[in-house]
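This report concerns only the one structure given below.
The values are calculated or read from the model by the stated rules, or taken from the named source; none is laboratory data. From a predicted model like this one, the values you see are computed outputs, not experimental measurements. Virtual Cβ from ideal backbone geometry, glycine too; neighbours counted across all protein chains shown. Note: accessible area is taken over every heavy atom of the protein model, side chains too, but ligands, DNA and RNA are not part of it. Shrake-Rupley method; radii C 1.70, N 1.55, O 1.52, S 1.80 Å.
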Amino acid sequence: MSTIFDAHTFALTAHAGQLDKGGEPCMRHLERVANAALARAGHARLVDGLDVDPMEIMQAALLHDVLEDTPRTASDLRAAGFAPAIVRTVTLLTKPAARIAYSERITALIEADDLAAILVKMSDTEDNLVPARIPPAASFLKERYATAFARLREAAAAKGYTGR
């Protein structure tokens, strides 16, 4: 059974040398997303009584960009011992090979009806809304992420999640 340490190590190795939109090491973004997702998952489980595994959600959050931004595959995640639920969540969070609009990707994620993926994407989107992560020439991203966050929050609420 994989641990948070395993997910962190896998992501750290896979993303070695990569910088995020703000010019910081990619791992900082992944760690912020993982911490926010853990808080949301804890709320979902402890406050809302929803059937989620906060540790699996945190692992998926650490790994959420690995299939999209590195040569790693879902098979690599399985071979590394990550649970099927974690691999499924990471796969749901990965951009499809065919180019589609961001709003359509959010729609597809919501329609997948997977609370773990929704909570991770909420956390990712929230981190992407931080002004330092939005390049000056891409101010349109603020509206895109704010709209997506509102839609994801609504989808989470429909599944019984009462957190922020």
Notebook entry, point to check: What residue, among those in segment 50-64 that are touching a residue at least 24 places away in the same chain (Cβ under 8 Å) and open to solvent by 50 Å² or more (accessible area, probe 1.4 Å), is farthest from Lys21 (Cα to Cα)?
Noted result: Asp53
Next item on the list: Report, by residue number, each residue of segment 149-163 that is of a type in the set (D, E, K, R) and in contact (Cβ under 8 Å) with a residue 40 or more places away in the chain.
Entry: Arg151, Lys159
Check: Are there any pairs with C-beta distances below 8 angstrom linking a residue in segment 8-32 that is farther than 16 Å from Glu68 by Cβ to a residue that is loosely packed, with under 13 Cβ neighbours inside 10 Å, with the two at least 6 apart or on different chains, and if so which?
Finding: Gly22/Ala132; Pro25/Leu19
Next item on the list: Go through segment 11-49 and count every residue that is under 19 Å from Val87 (Cα atoms) and open to solvent by 80 Å² or more (accessible area, probe 1.4 Å).
Entry: 3
Check: For Ser103, which of the numbered conditions (1) open to solvent by 60 Å² or more (accessible area, probe 1.4 Å); (2) free of Cβ contacts under 8 Å to residues at least 12 places away in the same chain fails to hold?
Finding: (2)
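Got a sec? Which of Arg105, Arg88, Arg99 is out of contact with any Ser or Thr (no Cβ under 7 Å at 6 or more places or on another chain), under 19 Å from Glu154 (Cα atoms) and among the basic types (Lys, Arg)?
Working: Arg88 fails: under 19 Å from Glu154 (Cα atoms); Arg99 fails: under 19 Å from Glu154 (Cα atoms).
None of the other options fit; the residue is Arg105.
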Next item on the list: Taking only segment 126-164 into account, find how many residues are open to solvent by 20 Å² or more (accessible area, probe 1.4 Å) and more than 16 Å from Ala101 (Cα to Cα).
Entry: 19
Note to self: For the list (1) within 14 Å of the chain's Cα centre (by Cα); (2) open to solvent by 10 Å² or more (accessible area, probe 1.4 Å), I need the number of the one condition that Ala98 fails.
What the structure shows: (1)
Next item on the list: Scan segment 65-88 and report the pairs whose first residue is open to solvent by less than 60 Å² (accessible area, probe 1.4 Å) and basic (Lys, Arg) and whose second residue is at pLDDT 95 or above and in a helix (DSSP H, G or I), with Cβ atoms within less than 8 Å and a gap of 6+ or a chain change.
Entry: none
Check: Is there any pair linking a residue in segment 130-148 that is closer than 16 Å to Asp20 by Cβ to one that is at pLDDT 85 or above, with Cβ under 6 Å and at least six apart or on different chains, and which?
Finding: Ile134/Leu141; Ile134/Lys142; Tyr145/Thr125; Tyr145/Asn128; Tyr145/Leu129
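Going by what's in this entry, would Ala61 be described as under 15 Å from Ala11 (Cα atoms) and over 17 Å from the mean Cα position of the chain (by Cα)? Break it down into steps so the answer makes sense when it comes.
On the way: under 15 Å from Ala11 (Cα atoms): yes; over 17 Å from the mean Cα position of the chain (by Cα): no.
No, not satisfied.
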